[in-house]
Amino acid sequence: MTDDQIRIVVADDHAVMRAGVVALLATDPAIEVVGEAGNGREAVELIERLTPDVALLDLRMPIMDGVEATTAILGGPSGTRVLILTTYDTDSEIERAVEAGAIGYLLKDTSREQLADAIRSAARGQTVLAPRVAERIVARMRQPAPVVLTSREVDVLNGVADGLSNADIGRRLVIAEATVKTHLLRIFAKLDVSDRTHAVVTALERGLLARPGPGDQRPWNRRS
């Protein structure tokens, strides 16, 4: 081993997969596999003893999974950085790993060159994400934030849906007419609409108001 070698521990409960990863990395002189584990708890114990630079963890392992192991490793004194190497790319799995503090999230179809580069980046403290994972995270970030109406705003909008005037809504809810107007302005801003009708329609489309049943006599549901 040389001073500039990156020391890693590989943890995967599938022995064949683990052996394959170790064999791939054995061809890189800058990386030394100093330990192997078949479950998360073994990985944590190895890392506490060997203090490697990087831990390469499978996500789903017995006894302690990759997320639990990540939390334990990062809560300890080793300073080891954690890379997740898994077949799972669902949003929930990615979020759990990132929230636990993993510095990277790779998929098992990663090439040898990509894996070695990711380990080097992780050792330098750089975040590493498989392209598909990065795409999923960016897509989620670009999704508009869900609109949330307060219970009072829903009450006001239900009054609009019932065909009531602002004054009538105020009397129903025992609030001032000016307060009703304020609530409506906030509703318009949240729903990005400019009038009462579109506010009701948009709220219905987004599931923020209960849709009327067949016998409901609200203004929009009446048949001429």
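As for segment 107-115, it holds no residue that is more than 19 Å from the chain's Cα centre (by Cα) and more than 25 Å from D28 (Cα to Cα).
Kindly indicate whether I63 is β-branched (V, I, T), open to solvent by 30 Å² or more (accessible area, probe 1.4 Å) and outside any helix (DSSP H, G or I). Taking the combined requirement at face value, the residue satisfies it. Scanning segment 140-161 for residues that are of a type outside the set (V, I, T) and open to solvent by less than 50 Å² (accessible area, probe 1.4 Å) returns L149, E153, L157, N158, G159, A161. Residues in segment 155-180 that are aliphatic (A, V, I, L, M) and in contact with an Asp or Glu (Cβ under 6 Å, 6 or more places away or on another chain): A167, L173. Within segment 198-217, restricting attention to residues that are surrounded by 13 or more Cβ atoms within 10 Å (Cβ to Cβ) and more than 33 Å from the chain's Cα centre (by Cα), the residue that is modelled with the highest pLDDT is P212. Of the residues screened, D192 is not one that is open to solvent by less than 60 Å² (accessible area, probe 1.4 Å) and among the acidic types (D, E).
With the checklist (1) of a type in the set (G, A, S); (2) crowded, with 18+ Cβ neighbours inside 10 Å; (3) over 21 Å from R7 (Cβ atoms) in hand, flag the one item A55 doesn't pass. Unmet condition: (3). For segment 132-150: of the residues being assigned to a loop (DSSP other than H, G, I, E, B) and at pLDDT 75 or above, which is farthest from the chain's Cα centre (by Cα)? Filtering segment 132-150 for residues that are assigned to a loop (DSSP other than H, G, I, E, B) and at pLDDT 75 or above, the one farthest from the chain's Cα centre (by Cα) comes out as T150.
In the set (1) over 17 Å from T127 (Cβ atoms); (2) at pLDDT 90 or above; (3) among the β-branched types (V, I, T), T90 fails one condition alone, (2). Of the residues contained in segment 111-131, none is found to be part of a helix (DSSP H, G or I), more than 15 Å from L56 (Cα to Cα) and open to solvent by less than 70 Å² (accessible area, probe 1.4 Å).
Residues in segment 79-106 that are under 12 Å from the mean Cα position of the chain (by Cα), touching a residue at least 40 places away in the same chain (Cβ under 8 Å) and open to solvent by less than 30 Å² (accessible area, probe 1.4 Å): 1 in all.
A count restricted to segment 127-149 and to residues that are of a type outside the set (A, V, I, L, M, F, W, C) and in contact (Cβ under 8 Å) with a residue 12 or more places away in the chain stands at 4. Scanning for something crowded, with 24+ Cβ neighbours inside 10 Å and assigned to a helix (DSSP H, G or I), does segment 27-40 turn up at least one residue? For segment 27-40, residues crowded, with 24+ Cβ neighbours inside 10 Å and assigned to a helix (DSSP H, G or I): present.
The values are calculated or read from the model by the stated rules, or taken from the named source; none is laboratory data. Quick caveat, the model's predicted, so the values are computed rather than measured. All Cβ positions, even for glycine, are placed from backbone atoms using ideal geometry, and neighbour counts span all protein chains on display. To get the accessible areas, we keep the full protein, side chains included, count just its heavy atoms, and leave off ligands, DNA and RNA. Shrake-Rupley method; radii C 1.70, N 1.55, O 1.52, S 1.80 Å.
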